[in-house]
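The values are calculated or read from the model by the stated rules, or taken from the named source; none is laboratory data. Being a predicted model, the structure only gives us computed values, none of them experimental. FYI the Cβ positions are ideal-geometry reconstructions off the backbone, even for glycines, and counts take in every protein chain you see. When the accessible area is computed, the model is the full protein with side chains, heavy atoms only, and any ligands, DNA or RNA have been set aside. Shrake-Rupley method; radii C 1.70, N 1.55, O 1.52, S 1.80 Å.
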Amino acid sequence: MATALAVQTKNLCKTFNGKEVIKNCNMSVESGTIYGFLGKNGAGKTTVFKLLLGLLKPTMGQATVLGMDSVQNNLEILKRTGSLIETPVFYEHLSAFDNLQIHLEYMNSPCTDIKDTLEAVGLFNVGTQPVSAFSLGMRQRLGIARAIIHRPDLLILDEPINGLDPVGIREMRGLFKRLANQEGLTILLSSHILSEIEQIADRIGILAEGSILQEISPQEIKEKYPSGMEDYFMSITNGGVLNE
Amino acid sequence: MNKLIALELKRNGLRSYNLAVIIITAVMLLLLYLLAAIPKIDPAENELAMFMSYKSLLGLTNIICMVAFMILSSAMSAKFIVEEYSGKRAALLFSYPVARWRILRAKLTMVFLYTAASMLLCGMIALGVFFSTESVFHLCADQLTIGIVCNGLLSLLLYSLAAGVWGMVALWFGFCKQSVIVTIIAAVIFSVILCQLMSAAFILNPLMSAAIVLVSGLACVIFVLSSLKRKISCMEV
């Protein structure tokens, strides 16, 4: 039986000032799974995420998100997607609660329990404290809260654990797994931390120089590369040469 | 539309702009009294005779008031529009499932309405106080009539709309250059040019000069709106 795909790209290309940043990118993300996106700095991970969200328009090719074309049905996709792209931006003078409330109103989403969502990402007793007073980790947690609060079908998270301490990383890992396994959310996330992707993802996509080189499950990596994820990553992106 | 404007107001406070409006109102009131009192202070000076008529007095203060509100409008649109569409904040705006043009239209409407309404209010307060004291104690040598009051209020309305409209034209330059400074400088340049043109024209017919400024501003705004709509729809962040 064919599994429904939450995200699919076909020969996706994006050119900036004549330079092809994304080249014939083909990826498939199954619904209800966690897809880890791996790639070196500048490989094009954020660009692919922006193309899926309609923040950028493809030069060529097609991206289908939740069964809809990323360009034609952009607003419907945005309504059903939660995202955290690069460093999250907030209304600095407002509290976390107010930021989420404004977000819900823009999303035209019923006002769910904001306090519960803040607690789910580990933001307790932030009260009326303005976001400008938040630490990097707190901002990242709030960014995740904003991505999940309107109960999306798809989460696109660009480096979601940036700035989090080990406790925070573990908590977020638990949260993402719970959202995927219990609520059936599809999660597409990128990270530089190989072990993190290995622990959380059901499937991993390796992006190098704008193209997906391979889509593979962590189990397959373990079988083929018993020495670990790092060797696998090096061999696939550098042809086996370690950057030392 | 109303909901989007309400959200704009919720995330961008108007306190500093309200304070600016209060200050402009106080300055306008003082200016009205000062201009009206000048011929009494120096009766020998013949060139000050123009301040002895309500027509000149109101025309001049309305023009100055329009300049102040045009610059206020540009400062406001620089903060609410130019700043929001440049840099990372644009990605946040574009990630909402609301048509890009609808959000921008709400912002433009809010800035225009705030500029026009606050100038109208400021002018009405200043003129109201001035006319009240004039009915008791005359500073101006001219005779105060209902016609003068109505003309003053009508030209105030036209100048208020013109301030909002020309503020939007100034915004276009700032938006194209993605620069707060360019927005404000454009407003200052426009206000200087309009001031020169109007001060020459209002001697002949103050109402007509205000109407011309408004209509020419509206013609520019039609271009500005279509240009902004095009820019925003193909904007990539």
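Numbers at a glance
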| quantity | calculated |
| --- | --- |
| Inter-probe distance in nm under a simple model that places probes 7 Å from Cα toward Cβ, at residue A:129 and residue B:144 | 5.8 nm |
| Span from the the range A:50-127 Cα centroid across to the the range B:36-60 one, whole angstrom | 60 Å |
| Per residue accessible area of the range A:92-183, 1.4 Å probe, in Å² | 44 Å² |
| q = 0.06, 0.10, 0.11, 0.13 Å⁻¹: log10 I(q)/I(0) that the Debye formula gives for the protein assembly as shown, counting C-alpha atoms only | -0.39, -0.81, -0.91, -1.13 |
| Normalised contact order of the range A:105-163, rounded percent, pairs of Cα under 8 Å and 6 or more residues apart | 40 percent |
| Carbon/sulfur fraction of accessible area - the range B:66-132, other protein chains in place, 1.4 Å, % | 71 percent |
| Length added when fully stretched, residue A:113-residue A:62, from 0.36 nm per residue minus Cα-Cα | 14.7 nm |
| Cα-projected label distance for residue A:178 with residue B:117, points at 7 Å along beta-carbon direction, nm | 4.4 nm |
| Bins of 5 Å from zero: percent of alpha-carbon pairs in the range A:1-107 | 2, 11, 19, 21, 18, 13, 9, 5, 1, 0, 0 |
| Sum of -39500 (n - 2.57) over DSSP H runs of 4+, divided by residues of the protein assembly as shown (222 nm, nearest 500) | -19000 deg cm²/dmol |
| Stokes-Einstein D for the range A:176-244, Kirkwood Rh over Cα pairs, 37 °C, 0.692 mPa s (µm²/s) | 252 µm²/s |
| Sites residue A:231 and residue B:89, calculated FRET efficiency, Cβ-Cβ separation with R0 45 Å, nearest 0.05 | 0.65 |
| Value in Å of the Kirkwood radius, where chain A supplies the Cα pairs that are averaged | 18.6 Å |
| Isotropically averaged projected area of chain B, using the convex hull of Cα atoms (one quarter of hull area), nm² | 13.4 nm² |
| Accessible surface buried upon A-B contact (total; probe 1.4 Å; Å², nearest 100) | 2300 Å² |
| Distribution of pairwise C-alpha distances over the range B:166-221, 5 Å bins, in % | 4, 21, 24, 21, 15, 9, 5, 1 |
| Kirkwood hydrodynamic radius of the range A:131-182, Cα pairs, Å | 11.6 Å |
| Alpha-carbon gyration tensor eigenvalues x 5, square-rooted, for the range B:97-237, Å | 35, 16, 12 |
| Residue B:177 paired with residue A:222, simple spin-label distance in nm, labels 7 Å along Cα-to-beta-carbon | 6.0 nm |
| Accessible surface of chain A, 1.4 Å probe, proportion on carbon and sulfur as whole % | 48 percent |
| Surface/4 estimate of mean projected area, convex hull on alpha-carbon atoms of the range A:77-143, nm² | 4.5 nm² |
| Pairwise Lys count, chain A - Cα closer than 19 Å, eight or more residues apart or different chains | 21 |
| Separation of alpha-carbon centers, the range B:105-172 and the range B:203-232, rounded to whole Å | 18 Å |
